[in-house]
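The values are calculated or read from the model by the stated rules, or taken from the named source; none is laboratory data. Source: prediction; values computed, not measured. With ideal geometry, Cβ positions are generated from the backbone for all residues, glycine too; neighbour counts draw on all protein chains shown. Surface accessibility is based on the protein's heavy atoms, side chains included, excluding ligands, DNA and RNA. Shrake-Rupley method; radii C 1.70, N 1.55, O 1.52, S 1.80 Å.
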Amino acid sequence: MKPHVLQLNPILVPSINERLDALYTMHRLYEQRDPDAYILEHGGVVRGVITGGHTGISRVLMESLPALEIVAVNGVGTDAVDLAYARARRLPVTGTFGALTEDVADLALALLLATCRNVCSVDRFVRSGTWVRQPQPGAIPLARRFSGMRVGIVGLGRVGRAVAARVSAFGCPVRYTDLGPIPEVAWTYEPQLLQLACDSDALILCAAADKAEGIVDAAVLDALGPQGFLVNVARGRLVREADLVRALRERRIAGAGLDVFADEPNVPAELFELDNVTLQAHRASATVEARTAMGEMVLASLAQGLAGERPAHSLTT
Ligand code: 8YV
């Protein structure tokens, strides 16, 4: 009898889904009209769960799965997983650490470059036919040079380090803040986020959100200042979103590149009117290469967990 696995989010790689269907009896909750009724009917036989980083899994759902042996997160964020409950239940929760690092770092760089060079607003200027009507060079404001910017990184985990390596290649001096200094890295540690913002031309958020809700507020944005840029490829809840919208509208910061938001997919509509913000739809890891590698790690974790082994990438056991 194939083990029963509950899937909370789609995996966008057909070959991974084919292997899941071959190995397991799959229960795709996101396809169900009445998920609660579905869990009542099938929850008792579920031994494994697959979820997404931004979806996670609650204590209530884990409690309704008495036979659960493993939670495999198709992602690296665990801020939406009740880790304390999983630990208490000796339930392995795994992540796809390392599989998406390069892709998320690439998008962070793309968002900063697109924002400081006005790539999207000028793209709209051209597509709308405005260039034909306003061919004079002065019709488009001068942009800002990225190379050499002072970059501050919030959270120097895998993604943060990959971003630091990328911007260093552009001649950017890098400083970072985190829960503490990281001895093995050469970049300068700044204990205070406010001071880091003050000393940076661009602040890039790469931190886990578990312990950092709302750390980027009006004070931090004002420290970054009217020439400063913010990039977020981590979690929307790291930022006080209303403060950010106001700072962008009032030009108290120069611009922002945002892939994540406090209440996805609901992006504050005020941002749609602003030309100093670049918007994405939580796509940082959404490449064929990353999602395939993530899917492979999910398959490996499920196999290990359901074989009663301690999964290699378990955070809780
Ligand atoms: C994915 C993420 O969008 O890794 C994370 O925590 O949020 C993203 O990589 C998500 O996990 C998709 O499942």
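Things to note:
- Rounded to whole Hz, the Karplus (6.51, -1.76, 1.60) HN-Hα couplings of the stretch 306-317, x for glycine and proline: 6, 8, x, 8, 7, x, 4, 10, 7, 9, 10, 10
- For Arg28, the residues whose modelled amide H falls within less than 5 Å of its own, excluding neighbours fewer than 5 places apart on the same chain, are Gln7.
- Comparing Tyr189, Tyr85, Tyr176 in a Gaussian network model of the chain, where Cα atoms under 10 Å apart are tied by springs, the biggest mean-square fluctuation is seen for Tyr85.
- Whole-percent carbon and sulfur share, accessible surface of the stretch 12-93, 1.4 Å: 53 percent
- Sulfur and carbon atoms: percent of accessible area, the stretch 157-258 [1.4 Å]: 54 percent
- Net charge contributed by nearby residues that have their C-beta within less than 10 Å of Arg117 (K/R +1, D/E -1): +2
- Degrees separating the helix 158-168 axis from the principal Cα axis of the chain, which is the longest one: 20 degrees
- Degrees between helix 101-116 axis and first principal axis of the chain (Cα, 0 to 90, nearest 10): 30 degrees
- Spatially, the stretch 274-315 and the stretch 57-115 are offset by 8 Å when compared through their Cα centroids.
- Taking the chain as a Gaussian network of alpha-carbon nodes connected by springs under 10 Å, the highest mean-square fluctuation of the residues Asn74, Asn17, Asn266 belongs to Asn266.
- Backbone amide hydrogens, once placed in the peptide plane, bring Val46 within less than 5 Å of Ala67, excluding anything fewer than 5 places away on its chain.
- The mean accessible area for residues of the chain, using a 1.4 Å probe and ignoring ligands and nucleic acids, is 47 Å² per residue.
- Among the GluC sites (Glu not before Pro) in the stretch 219-287, those located in a DSSP loop and surrounded by at most 14 other Cβ atoms within 10 Å of their own Cβ are Glu250.
- Counting Lys and Arg as +1 and Asp and Glu as -1 over every other residue whose Cβ lies under 15 Å from the Cβ of Gln192, the net charge comes to -4.
- Under 5 Å from the amide H of Leu230 lie the amide H atoms of Leu203, Gly255, Ala256, Gly257, each residue being 5 or more positions distant or on a separate chain, with H modelled from the backbone and absent for Pro and chain starts.
- Estimated 222 nm signal from helices in the chain, with DSSP H stretches of n ≥ 4 weighted -39500 (n - 2.57), rounded to 500: -10000 deg cm²/dmol
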